[in-house]
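None of the figures in this text is laboratory data; all of them are computed from the coordinates on show. Since we're looking at a predicted model, the values are computed, not measured. Don't worry about glycine lacking a Cβ; one is built from the backbone with ideal geometry, like all the others, and counts go over all protein chains shown.
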Amino acid sequence: MRTDGQVRRSFHEKLFGKNKFKYRYAFTGYAMIAPAFLLLTIFVVIPLVIAIVRSFFDYRSYAEVQQFVGFDNYKLILGTTSFVRSFRNALLFAAVIVLVQLLLSFSFAHVLKNCHNRYGIFVRMIIYIPYLISGIAAAIIFLFMTNYGGGLINGILLAAGLDPIAIDMNVTWARVAVIVPTLWLGFGYNSLVMYAGLINIPKDYYEAATLDGAGWLIKLAKITLPSMVNYFLLTIVGLLTSSLTMFELPFLMTNGGPTESTLTPVLYLFNNYRNVLQSSSVTIAGAILVMLIVGALNAVVFFAVQSKSSQDD
Amino acid sequence: MKASTSKKINGAAGTVIMTVVLIVILFPVLWALPSMFKDRSEIFELPLHWLPHQWTLENFRTVFDMPDYNYLLSVGSTTLVAVISVFLSLLVNMMAAYAFARIEFPGRAFFWVYMLSTMFIPGITILLTSVRVVSFLGMLDTIWVLIIPGVASGYNIFFFRQYYLGVPGYMEEAAMIDGLSRAGIFFRIFTRISTAPMVIIGMSVFMSYYNSFLWPVMTITDNTALYQIMQLIRTLNSRYTGRYGVVLAATMMSLIVPFALYCFFQKYIVQGISIAGVK
């Protein structure tokens, strides 16, 4: 004769397996993840599924039944000169920004590390400030400085007897005008991240190396760089992502010009979402391609860093 | 002896470099600042001069007296949207993070991967279809379209979960013996011990909402009271092409809210970068 409790227990075991206490708070668990789960499903996953489905159909025709076209939309977008060019521009921006920003912030982090007084604290506080400024506001400030008629840059050039620069007429200067504000916005933040990486390296590593007679180059190659692999990876992927999805600065500074030399993928997609001549499915196929590149890049680095830091623990 | 001299030289060089960097960082803002007080005839006048010859408040008057847009209302609604979003975002993401860190439930691994993977989807990829979804839900041109879609974030859940995994378990055991429920533990204990990550994530959520541009442009079209501040600045930039002082005044005043917040939380944020260095 089984007691009531035994019956209940065996029923519970049938439902949840032998670990009868393991899931005793399962309901609370579901309740606590429910809001995030629902919001992410409605506003991220469903839009993504719709986008993927649409990228395989032709929505240009206003027919009742949309036609399945396979990879045609992807072929069309990859055959679009502007879109391909926007990717090439983004790669160029990304290469320059990653290299210059890494070099600048890594070097400046060393300066910060060697300064232990109040001035150092003050400088660390101030250099973060541009990170608070949006691309739109930064573009306004730099448009003011590069104004053709009487901005700061051209004022100096004219006073020196040189020709003024029109950033929206010259390919090289247009690109510079997009890259420089980007560097300005992120420099302080990236320096602080690098600084955090530097001060996390135990001092005795360097002391031991000094005793062994190692010079600064050897210390850099054998201690600093290996200890900061994660910081470098995350900074690089952050810079790559923000460069490849650049939008506000080229949108306001140059609007992609001249001759699409500062057109970026996001700016291209933004302009074409309203373009009635191009099927929105084609534009969406382009947006999916952006995800495949940027998202995959992020995912690979994210999991590489995670597995490495779990090994470290 | 030699070492201390070279240290002093290093220190001096460091101070010089830091001062140069400081000037470069502050220069664009400082250069633009007095031009808000310049008349339209003076703003691009050569030779260059930093301070206006004739101080005027005309630009501010224009910004505040626009017939079809209300600047202060835009700053206010942008700040309100950002503040509400910070609270909702902290609540929703911290709750989920706590469940993933501490509670066993069937399917946990699946839900974890599901939510984490949303963080690799760029906003631009789902921009157009998200607009379809919010339009289907009747949210266009309401305050909710600005707030709700961005509240849950895979990255923020991940960030808080990492933090909670480092919290020792005995605190909960003690609380459970005292008869506190799981939800009680979360609300009474875990929200109090995570001030530092809450400030860091809260600030980053605030900034992403306050500075957002693309999403409001796509979703707020007719309701000018809800025009977000960056959207308004861009509108002013195309409207007052000949009067750059007006655009500058609007831009510079929009920086006051984030700067004030930063001054307030600065200590947490600069220290927090060593914790949040992962992003």
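Return the average number of partner chain Cβ atoms within 10 angstrom of each residue Cβ along peptide A:193-199.
What the average comes to for A:193-199 is 3.
With a 10 Å Cβ neighbour count serving as the proxy for reagent exposure, in which order, fewest first, do B:172, A:248 appear?
Going from least to most buried by this count: B:172, A:248.
About the Cα centre, and with charges only on the beta carbon of Lys, Arg (+1) and Asp, Glu (-1), how big is the dipole of the protein assembly as shown? Nearest 20 debye, please.
Computed about the Cα centre, the dipole is about 1600 debye.
From the convex hull of the Cα coordinates of region B:128-279, what is the mean projected area in square nanometres?
12.4
Given only helices, namely DSSP H runs of n ≥ 4 each adding -39500 (n - 2.57), what is the per-residue ellipticity at 222 nm of chain B, to the nearest 500 deg cm²/dmol?
Mean residue ellipticity, 222 nm, calculated: -21500 deg cm²/dmol.
In nm, to one decimal, how far is the residue B:192 label point from the residue A:119 one, both placed 7 Å along Cα→Cβ?
Here the answer is 4.4 nm between the modelled labels.
Choose one answer from B:23, B:185, B:269: the residue with the largest mean-square fluctuation in a GNM of chain B with alpha-carbon springs under 10 Å.
In the Gaussian network model the winner is B:23.
Sequence neighbours fewer than 8 away in the same chain don't count; with that in mind, list the aspartates and glutamates whose C-alpha is under 17 Å from residue A:113.
Correct list for residue A:113: A:204, A:207.
With no solvent and one point per C-alpha, what does the Debye sum give as log10 I(q)/I(0) for the protein assembly as shown at q = 0.07, 0.09 Å⁻¹?
Summing over Cα pairs of the protein assembly as shown leads to -0.50, -0.82.
If we sort A:194-204, B:138-148, A:212-222, B:50-60 on the protection proxy, mean other Cβ atoms within 10 Å, highest first, what's the order?
B:138-148, A:194-204, B:50-60, A:212-222
Please sort A:111-118, B:231-238 by packing, taking for each peptide the average over its residues of neighbouring beta carbons within 10 angstrom, highest first.
Going by the mean number of other Cβ atoms within 10 Å, highest first, we get B:231-238, A:111-118.
Starting from the Cα of residue A:22, step 7 Å along the direction of its Cβ; do the same at residue B:167; then give the gap between the two resulting points in nm.
2.4
Send over the per residue convex hull volume for region B:129-176, Cα only, as a whole number of Å³.
Roughly 115 Å³ of hull volume per residue.
Taking Cα atoms of chain A, Rg/Rh with Kirkwood Rh, to two decimals?
The Rg/Rh ratio comes out at 1.11.
Quantify how strongly other chains surround peptide B:13-25 by giving the mean number of their Cβ atoms within 10 Å of each of its Cβ atoms.
Partner Cβ neighbours, averaged per residue: 5.
Grab every C-alpha pair in region B:2-56, bin the distances at 10 angstrom width from 0 up to the longest one, and report whole percents.
Per 10 Å bin, starting at 0, the Cα pair percentages come out as 21, 29, 19, 15, 11, 4.
Give me D for region A:245-302 in µm² s⁻¹, whole number, from Stokes-Einstein with Rh from the Kirkwood sum over alpha-carbon pairs, 10 °C and 1.306 mPa s.
129
List the residues whose amide H sits under 5 Å from the amide H of residue A:57, counting only those 5 or more places along or on another chain, with H placed 1.01 Å from N in the peptide plane.
A:69
When the C-alpha atoms of region A:167-313 are aligned to their principal axes, what extent does each axis show, in angstrom, from largest down?
Principal axes ranked by extent give 69, 35, 19 Å for the Cα atoms.
In sequence order, what are the phi-derived ³J(HN,Hα) couplings for region B:127-134 according to the Karplus relation 6.51 cos²θ - 1.76 cosθ + 1.60 with θ = phi - 60°, rounded to whole Hz, with x for glycine and proline?
Residue by residue, region B:127-134 yields 4, 5, 6, 5, 4, 4, 5, 5 Hz.
At a Förster radius of 30 Å, what calculated FRET efficiency corresponds to the Cβ-Cβ distance of residue A:52 and residue A:304, to the nearest 0.05?
0.70
Of the residues A:123, A:100, A:266, which exhibits the maximal mean-square fluctuation in a Gaussian network model of chain A defined by a 10 Å Cα contact cut-off?
A:123
Which listed residue (A:278, A:37, A:77) has the Cα farthest towards the positive end of the charge dipole for the protein assembly as shown, taking +1 on Lys and Arg C-beta and -1 on Asp and Glu C-beta about the Cα centre?
Farthest towards the positive end: A:37.
Could you work out which residue, out of B:197, B:34, B:168, moves most in a Gaussian network model of chain B, that is, has the largest mean-square fluctuation with Cα springs under 10 Å?
B:168
Can you give the helix-only mean residue ellipticity at 222 nm for chain A, where every DSSP H stretch with n ≥ 4 adds -39500 (n - 2.57) and the sum goes over all residues, rounded to the nearest 500 deg cm²/dmol?
It lands at -22000 deg cm²/dmol.
Calculate how large, on average over all directions, the projected area of the Cα convex hull of region A:113-205 is; give the answer in nm² to one decimal.
Here the figure is 8.7 nm², rounded to one decimal.
Just checking the output field for B:86-94: average partner chain Cβ neighbours within 10 Å of each residue's Cβ?
Other-chain Cβ atoms within 10 Å of each residue's Cβ, averaged: 2.
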